[in-house]
Amino acid sequence: MKQHQLKIYNTLSRKKEVFEALNPPFVGMYVCGPTVYGDAHLGHGRPAITFDTVNRYLKHLGYRVRYVRNITDVGHLTGDADEGEDKIAKKAKLEQLEPMEVAQQYTDSYHRDMDLLNTYKPNIEPRATGHIPEQISLVQAILNEGLAYEINGSVYFDVLKYNEQKQYGKLSGRVLDDLMSGSRELDGQGEKRNAVDFALWKNAAPEHLMKWESPWGIGFPGWHLECTAMSSKYLGKHFDIHGGGMDLMFPHHECEIAQGNACNHQDPAKYWMHNNMITINGQKMGKSLGNFITLQELFTGKHKLLDQAYSPMTIRYFILTAHYRSTLDFSNEALRAAQKGYKKIINGLRTCKKLVFLEDENIVLDENQINQIKSSIQQAYSSMDDDFNTAQAIGHLFNLLKKINSLHTGQLHPSQLGQETFNLLIETYRVFITEILGLEEEKTNNQEALLEALLQVYSEAKTARNYNKVDEIRAALKGLGIVVKDMKDKIDWAYEE
Ligand code: ZN
């Protein structure tokens, strides 16, 4: 493994800690995945890219990461405080589909978008509905500990009782007394002993679509419980990293910690990582605000707030230009700047492929240049080691890019760097861009427009009776499986049959 001192900001301790894997070289990482009842939006893009980059960097350092990201396909209700309809069942009713059809459709579209953003697939992607027996056993275990109670076929976690032994609120920094007085003013405690209690299992009304048999009658699992069941099944009772968006910190992750302590007598994860939120033109994103943008709308430009389409790699690059713990504001201006930055970075990658080392004995090594390159490389790594500071790392990569461009234009001669530094520069740049940051070249796929441009040249050559050029273009296109057709009044093309 590479010798690096990686530091991670642990939300639980509220400070940066030196990363020490529980069982190196293995790292277990669990990230809360999407609730699949709609198209993935910006709020899904950021955690996906953040934890993909964490996964990539840990792998780069030599760890063997088991990355688990779940699919929530049951139990996520529309209302807070354990009330409301199941989000997937609601959508199914609206569209007259089976709930599992809805879940499948949006799991597929989520995967499509994640592939476009060039994220690695998780090693395990468990579905909540595939883990009902595991969730029932957890409910039973928590009941056995005396930290839950059953009422009318539902089982609730007893937060007050838990708080007598452990601290509820330690992740989010909330204080139970404040939560109690805050919730007292609200109605909707329902059958719970306290409004702060949360459902582990809910009794299902007859019209409820997704339901299972349990020792407490027919019902369905609570959303928070799913993640405890799936993370402990695949990563053990105590694993390395638990991640997700900041909006999940409370109550979702707080409840996961309480559940883990209740049935496994320990915190589920050593490090808790949370990415910050995205704003749009300075405003929080929300369906009611009309600024809710899906990833597909961004990729196609089809949204009233967008001036143009932004490619998946532009979005990925944009998200990486901010530290994951900072807020990130989407605006056309910022995205256009990101598009420019991304293209500069990728042009650098293309230049790297063309550069070859040339020995010139008359040129002496330039220690100053060599030191600048080595220092930028070292700083790019230190930035990543400092809680995955991709924003700073990109800054140092731009310094390397300047050297690459100078080599390309001839301002800098490879012999000034020597073979070793020349290779180091090119290899580090390539590895950082493609393997660590996950940025790849987006080939222009506008075949029609390119062909039209070429046929225009063909037509001009024909008018000028430049038959050599005409034959040349014909031959080049034929090599690509395309035939030029000289029509009466225009030039056309077709696939060679
Ligand atoms: Zn979760």
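The values are calculated or read from the model by the stated rules, or taken from the named source; none is laboratory data. Just so we're clear, the structure is a prediction, and the values are computed from it rather than from any experiment. Note that each Cβ is placed from the backbone with ideal geometry, even for glycine, and that neighbours are counted across all protein chains shown. Just so you know, the surface numbers come from the protein's heavy atoms only, side chains and all, with ligands and any DNA or RNA stripped out. Shrake-Rupley method; radii C 1.70, N 1.55, O 1.52, S 1.80 Å.
Eigenvalues of the alpha-carbon gyration tensor of segment 77-184, scaled by 5 and square-rooted, set the equivalent ellipsoid semi-axes at 33, 19, 17 angstrom, largest first.
Could you work out Rg/(2.2 N^0.38 Å) for segment 72-117, with Rg from alpha carbons only? Walk me through the numbers on the way to the answer.
Working: Rg = 12.0 Å, N = 46, 2.2 N^0.38 = 9.4 Å.
Against the empirical 2.2 N^0.38 Å value, I get 1.28 for segment 72-117.
Measuring spread by the Cα atoms of segment 359-497 yields a radius of gyration and Dmax of 23.6, 66 Å. The angle separating the long axis of helix 414-430 from the principal Cα axis of greatest extent in the chain is about 40 degrees. Here the chain has 49 percent of its accessible surface on carbon and sulfur atoms, given a 1.4 Å probe and all protein chains in place.
Rounded to the nearest whole angstrom, the semi-axes of the ellipsoid equivalent to segment 7-275, taken from the Cα gyration tensor as √(5λ), stand at 28, 24, 16, largest first. In deg cm²/dmol and to the nearest 500, what is the mean residue ellipticity at 222 nm of the chain if only DSSP H runs of at least 4 residues count, each as -39500 (n - 2.57), divided by the residue total? Using -39500 (n - 2.57) per qualifying helix, the result is -14500 deg cm²/dmol. Within a straight-line Cα-Cα reach of under 14 Å, Lys161 can be paired with the following aspartates and glutamates, leaving aside sequence neighbours fewer than 8 residues apart in one chain: Glu145, Asp177, Asp197.
Grouping the Cα pair distances of segment 295-436 into 5 Å bins from zero gives a pair-distance distribution of 2, 9, 18, 19, 16, 13, 10, 6, 4, 2, 1, 0, 0 percent in increasing distance order. If R0 equals 60 Å, the separation of the Cβ atoms of Val18 and Val364 corresponds to a calculated FRET efficiency of about 0.90. Cα centroids of segment 259-289 and segment 127-170: 20 Å apart.
Looking at the chain, the DSSP beta bridges with both ends there are about 55 percent antiparallel.
Evaluate 2.2 N^0.38 Å with N set to the residue count of the chain, then give the Cα radius of gyration divided by it. List each step's numbers first, then the result.
Numbers: Rg = 27.8 Å, N = 497, 2.2 N^0.38 = 23.3 Å.
Ratio of Rg to 2.2 N^0.38 Å for the chain: 1.19.
Can you work out the FRET efficiency for the pair Lys233 and Arg430, with r the C-beta to C-beta distance and R0 = 35 Å, to the nearest 0.05? Computed FRET efficiency for Lys233 and Arg430 comes out at 0.40.
What FRET efficiency do you get for Asn445 and Arg336 if R0 is 25 Å and r is their Cβ-Cβ distance, rounded to the nearest 0.05?
So the FRET efficiency works out to roughly 0.75.
Modelled spin labels at Thr327 and Phe250, positioned 7 Å past Cα toward Cβ, are 1.7 nm from each other. Using every Cα-Cα pair within segment 275-362, state what percent have a distance larger than 18 Å. Cα-Cα pairs of segment 275-362 separated by over 18 Å account for 52 percent.
Here Lys233 is the anchor, and the lysines within straight C-alpha reach of less than 20 Å, apart from those fewer than 8 places off in the same chain, are Lys121, Lys270. Averaging the Cα positions of each part gives two centres, and for segment 341-385 and segment 386-465 these lie 12 Å apart.
List the trypsin sites (Lys or Arg not before Pro) within segment 197-283 that fall in a DSSP loop (any state other than H, G, I, E or B) and whose Cβ has at most 16 other Cβ atoms within 10 Å. Walk me through the numbers on the way to the answer.
On the way: sites: Lys202, Lys211, Lys233, Lys237, Lys270; in loops: Lys211, Lys237.
In loop regions of segment 197-283 (DSSP not H, G, I, E or B), the sparsely surrounded trypsin sites (Lys or Arg not before Pro) are Lys237.
Mean projected area of the convex hull spanned by the Cα atoms of segment 447-495, taken over all viewing directions: 3.1 nm².
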